[in-house]
1. Could you work out the relative contact order of the chain? I mean the mean sequence separation of Cα pairs under 8 Å and 6+ apart, divided by the number of residues, in percent.
2. Please identify the DSSP H helices in the chain that span no less than 15 Å along the helix axis (Cα) and have a mean Kyte-Doolittle hydropathy of -0.5 or more.
3. Taking 0.36 nm per residue of sequence separation and subtracting the Cα-Cα distance, how much length would be gained by fully extending the chain between residue 410 and residue 271, in nm to one decimal?
4. Please compute, for the alpha-carbon atoms of segment 25-127, the extent along each of the three principal axes and give them in descending order in Å.
5. Take every Cα-Cα pair in segment 314-456 and report what % of them are more than 22 Å apart.
6. With a 1.4 Å probe and all protein chains left in place, how much of the accessible area of the chain comes from carbon and sulfur atoms, in whole percent?
7. In what sequence, largest accessible area first, do 367, 267, 62 appear using a 1.4 Å probe?
8. Can you show me the helix-derived [θ] at 222 nm for the chain, built from DSSP H runs with n ≥ 4 at -39,500 (n - 2.57) apiece and divided by the number of residues, rounded to the nearest 500.
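The values are calculated or read from the model by the stated rules, or taken from the named source; none is laboratory data. Computed from a predicted structure; not experimentally measured. Every residue, glycine among them, receives a Cβ derived from its backbone with ideal geometry; neighbour counts consider all protein chains shown. For the accessible areas, the whole protein counts, side chains as well, though only heavy atoms, and no ligand, DNA or RNA atoms are used. Shrake-Rupley method; radii C 1.70, N 1.55, O 1.52, S 1.80 Å.
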Amino acid sequence: MSHSDAYDVVIVGGGHNGLVAAAYLARAGRSVLVLERLGHTGGAAVSTRPYPGVDARLSRYSYLVSLLPRRIVDDLGLRFAVRKRAVSSYTPEVRGGRHTGLLVDSGSSARTRAAFARLTGSEREYESWQRFYGMTQRVAERVFPTLTEPLPTREELRTRIGDDAAWQALFERPLGEAVEAAFDDDLIRGVVLTDALIGTFARAHDPSLRQNRCFLYHVIGGGTGDWDVPVGGMGALTDALADAARAAGARIATGREVTAIATDGTSAEVRYEGEAGESTAAARYVLVGAAPRELARLLGEEPPAPLAEGAQLKVNMLLRRLPALRDREVDPREAFSGTFHIAEGYGALEDAYRQAAAGELPHRPPSEIYCHSLTDPSILGPEPAREGYQTLTLFGLHTPARLFTEDNDAARTALLRATLAELDAHLAEPITDCLARDADGRPCIEAKTPLDLDAELRLPGGNIFHRDLAFPYAQEGTGRWGVETRHANVLLCGAGAVRGGGVSGIPGHNAAMAVLGK
């Protein structure tokens, strides 16, 4: 078959990881072609104006940054910045018929200590909190730098961590054991556990330890575990990456859907379709930013088992104003600038899991919210900013894709209604009364189920990690960098690689290093 073009590397998918790989490889002198199915780059890391006639650019899918190494930003000369959130989290609660809550202030340990005492009546849980997160930060400082190095062995990583108690708590035993040993308060246990459940359908004592792996990736970012706000929205990162890749000489072609990959291990052919019909490109290497399920389909192979399944509801809202809280001791501007936990007590999370595992939508859907525009108002146009508009991003837990297969639209509607009702229980006014309206008079709110994310982004089963996360050490078949497949010249450069998941660029970096023989 004749080829329209030949390249050193063809990259399937113009998400942020594919763009990272393209920029590194082009800067190293390789000829690079990026093929993106959609009409724009970015994948799940994009900013859009979803509401007609309203000048607000929302991070539509992924929304916070933690795992992106500063090294990648510096290596590629990216014009991209993040901002710290002044408040880590706020969790409302009703105790003794009184509305209260827990505010974790990133900048004031004294204020956070007082908030723990207000909720629990003593400072004991605060001291446990300090010890527990002191442990996770020490692990983060040792593990995070390894993510852009060749995979360590399990024993090498354990030695590097140098803390047997931490190793047991995070890598060997179900996370619920460590949480229950450290904390007595149900609400505080739940706040800790949520980082183990983002996009992961598991329980605290799941013997598979998938909750441990999810938790690990949520507490090691940057060596601190901080989750920061991308200035300009998530699209600012992918725009900067696309600019860097093009400036280095990479060719980025959008509106090109890859339909097949053929390889003999030393050379490959990529078939794709675009406006001009079907074309092919020859390549020495093919890097795939799509999920392992999609890679198997393109190669004509059986999909990997088990099938991936996402477990989240993503809701975007634009408000005319922030709602007042029933907990009058906390300013809404503080409560919503961090992570606002809803129905995420330890027992409530277990109840929601059990209900979803039995095939029911959770009766009290757990979720968490944050307001991007409080930290970075640049995503709002002049008029919405002047009128005091704010954005809200909600991420719902324990809603596996299986709950939506019978009737996605009906399940989405029911789940959104129940989720907002849980939020309203802690507000002085219904959240729907605060919603802005678009040019057609419709409320500015949209919800995405796992099936919606599969249809729009080809995330398998809506799984934001492409498949179950893996511990960041070498195992059978992982290869040197964790990006290898059974085909020597076909590499994963997306979230499905070992050390994938989240907006990190790490799989893209590591795939590029594998191509360059690092």
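1. Numbers: 1177 pairs, mean separation 126.1, N = 518.
It rounds to 24 percent for the chain.
2. On the way: long enough: 16-27 (16 Å, 0.51); 109-120 (16 Å, -0.16); 124-143 (29 Å, -1.30); 234-247 (20 Å, 0.55); 346-357 (17 Å, -0.58); 408-424 (24 Å, -0.01).
For the chain, where a helix must reach 15 Å along its axis and average at least -0.5, the hits are 16-27, 109-120, 234-247, 408-424.
3. Values: separation 139, 0.36 × 139 = 50.04 nm, distance 3.79 nm.
Gain in length upon complete extension: 46.2 nm.
4. 64, 38, 20 Å, listed from the longest principal axis down.
5. On the way: 4166 of 10153 pairs.
Tail of P(r) above 22 Å: 41 percent of Cα pairs.
6. Answer for the chain: carbon and sulfur cover 46 percent of the accessible area.
7. Working: 367 0, 267 60, 62 25 Å².
Solvent-accessible surface, decreasing: 267, 62, 367.
8. Working: 18 runs with 171 residues, N = 518.
Counting only the DSSP helices, I get -9500 deg cm²/dmol.
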